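For reference, the structure is listed below as structure tokens.
Just so it is clear, none of the values below were taken in a lab; they were calculated from the coordinates. None of the values given here were measured: they were computed from a predicted structure. Ideal geometry is used to build each Cβ from the backbone, glycine not excepted, and the neighbour counts take in all protein chains shown.
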Amino acid sequence: MTPKERVLAALEHREGDRVPIDFSGHRSSGIAAIAYRKLREHLGLQARPIRVYDVIQQLAIVDEDVLERFCVDTIELGRGFAQDDNDWMEWTLPDGTECLVPAWTNLERDGRRWLIRSQTGKVLAQMPDGTLYFEQTYYPFLEGADEPEAIRGALDECMWTTVACPPGPVDDETLSEGAKRLREKTDRAIIGLFGGNLFEMGQFFYRNDRFLMLLASEPQRAHRFLDKLVEVHLSNLEEYLGVVGEYIDVILFGDDLGMQTGPMISPQMYCEFFKERHKLLWNRAKELADVKVMLHCCGGVRELLPHLIEAGVDAINPVQISCSGMDAAELKAEFGREIVFWGGGCDTREVLQYGTVEEVAEHVKGQVRTLSGGGGFVFQQVHNILANVPPENVAAMFEAARDSA
């Protein structure tokens, strides 16, 4: 089977010749740049510039030699772009590693911290010395200026949306040509990152506590905000899939709905505010292109899974198996015929970070056995590989996944 065929078989709940593997196919299956440098050294690969495409999480672009080494079956659509030297500028990671970051990132040194500014000069995020990632510092609607018409402007003043791509509109022809070029040169399944966040966008704009209070105490105001947000997302979705839909296999939406102990909101609140809006977006994506819909959703969300399935999601990641209610065997038994588990292949919080090579390999083999029966499973570790994970454990994880029957 080709990598694309292998992934599509899993998405159709069919067993392939082996379990498909995702590594860096999207922004939650990747590796921190510090750990990536160490991994390349551990594998004895030729030194290459470390390209950090996600500055906030400091995720590295995984090079082709590593993808081939671990038999990776996925690739992110963005690999068709930002290949020119002019797209990058020099920077230094917190451990002193030299790297390259997207040239449009507005980075500034301020005393004992790094800042990310918007194009208008607002401080959107900071990374104090001694830390490894940027944290959001500015919330566009925190002061209450949240009229629906302000949403598009707020997207330019939000940490996550500002650094994801160059400022200004992306030319459709450029996007189409890049997607076509990638499709012609790879037989991997291509993942298009769309986002379309609803619950999280409320958190990004209002701040987590304020948005939760808005949902609980001012539901009509929350509905007005979400209606306008869906309108913006639908417009962007129409344009996005109209340009790249024929070249991608999976479209990725995002909405973290869970905590360590369970959902952040009740099933009743999910149904009132988000279920029908998710259904509208996800079904429209399938009408516009021949794609499967994947939802990135962290945390313990077992109680929400029936509603997510009814709303039309095909796959969920990262399947955070250390959270309450997220036992892999129970999830597979209860929901394995209705949803694809794209993740849950290795516990990154404890096993990958602190286990021995042997413990990592045995854990991965067990997870694969549990989740792969009857298809419906794509191997991914639970979220990104963090900066301090030993490189030998990373190699052991992917080798175990690759070699598992």
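Using each residue's phi in the stretch 377-391, evaluate 6.51 cos²θ - 1.76 cosθ + 1.60 at θ = phi - 60° and report the 3J(HN,Hα) Karplus result to the nearest Hz, with x for Gly and Pro.
Along the stretch 377-391, the couplings run 8, 10, 6, 8, 5, 6, 6, 5, 6, 7, 4, 9, 6, x, x Hz.
For Cα pairs less than 8 Å apart in space and 6+ apart in sequence, what is the mean separation divided by the residue count of the stretch 1-151, i.e. the relative contact order in percent?
Relative contact order of the stretch 1-151: 17 percent.
Considering every pair of different Cα atoms, what Kirkwood radius, in Å, is found for the stretch 1-130?
16.5 Å is the Kirkwood radius here.
Using the beta-carbon distance between Glu287 and Thr137 and R0 = 56 Å, what value does 1/(1 + (r/R0)^6) give for FRET efficiency, to the nearest 0.05?
0.90
Where does the Debye-calculated log10 I(q)/I(0) of the stretch 200-308 sit at q = 0.18, 0.20 Å⁻¹, using only Cα point scatterers of equal weight, no solvent?
-0.96, -1.14
At 222 nm, what helix-only mean residue ellipticity would the chain give, in deg cm²/dmol to the nearest 500, using -39500 (n - 2.57) for each DSSP H run of four or more? Spell out each step's value before the answer.
Working: 16 runs with 158 residues, N = 405.
After summing the helix terms and dividing by residue count, I get -11500 deg cm²/dmol.
How about the stretch 302-366: which GluC sites (Glu not before Pro) there are in a DSSP loop, with at most 14 other Cβ atoms within 10 Å of their Cβ?
Those that pass, being in a loop and sparsely packed, are Glu350.
Cut-off is 10 Å between beta-carbons; in what order do His363, His233 appear when sorted fewest neighbours first?
Fewest-to-most ranking of His363, His233: His363, His233.
What is the percent of Cα-Cα separations in the chain that go past 42 Å? Intermediate results must be reported in sequence, preceding the final value.
On the way: 5737 of 81810 pairs.
Above the 42 Å cut-off, the chain has 7 percent of its Cα pairs.
Express in whole angstrom the spacing between the alpha-carbon centres of the stretch 1-65 and the stretch 282-307.
22 Å
Using 0.36 nm per residue, how much length does the chain from Asp403 to Ala333 gain when fully extended, once their Cα-Cα distance is taken away? Could you put the intermediate results ahead of the total?
On the way: separation 70, 0.36 × 70 = 25.20 nm, distance 2.41 nm.
Taking 0.36 nm per residue and subtracting the Cα distance, the gain is 22.8 nm.
Within the stretch 240-273, whose backbone N sits under 18 Å from a point 7 Å along Cα→Cβ of Met213?
Residues 265 fall inside that zone.
Pop a pseudo-label 7 angstrom from the Cα along the beta-carbon direction at both Ser324 and Asn236 and give the gap in nm to one decimal.
3.2 nm
Calculate the spin-label point distance for Glu5 paired with Arg48, positioning each point 7 Å from the Cα along the beta-carbon direction, and give it in nanometres.
Going by the 7 Å Cα→Cβ label model, 2.7 nm.
What FRET efficiency comes out for Glu108 versus Cys165 if R0 is 25 angstrom and r is the Cβ-Cβ distance? Round to the nearest 0.05.
Efficiency, rounded to the nearest 0.05: 0.80.
Round to a whole angstrom and tell me the spacing of the C-alpha centers of the stretch 198-212 and the stretch 335-375.
Spelled out, the Cα-based centre of one part sits 31 Å from the other.
Under a plain spin-label model, where a point goes 7 Å from the Cα along Cα-to-Cβ, how far apart in nm are Asp187 and Glu149?
In this crude spin-label approximation the distance works out to 5.4 nm.
How high is the relative contact order of the stretch 188-335? Use alpha-carbon pairs under 8 Å, at least six apart in sequence, and give a whole percent.
26 percent
Just subtract the alpha-carbon distance of Gln353 and Met89 from 0.36 nm times their residue separation and send over the number in nm, one decimal.
Extra length available between Gln353 and Met89 comes to 92.0 nm.
For the stretch 99-142, what log10 I(q)/I(0) values come out of the Debye formula at q = 0.14, 0.18, 0.21 1/Å, with one point per alpha carbon and no solvent?
-0.33, -0.54, -0.72
Counting other beta carbons within 10 Å of each Cβ, put Trp342, Trp160, Trp282 in order, fewest first.
Ascending number of Cβ neighbours within 10 Å: Trp160, Trp282, Trp342.
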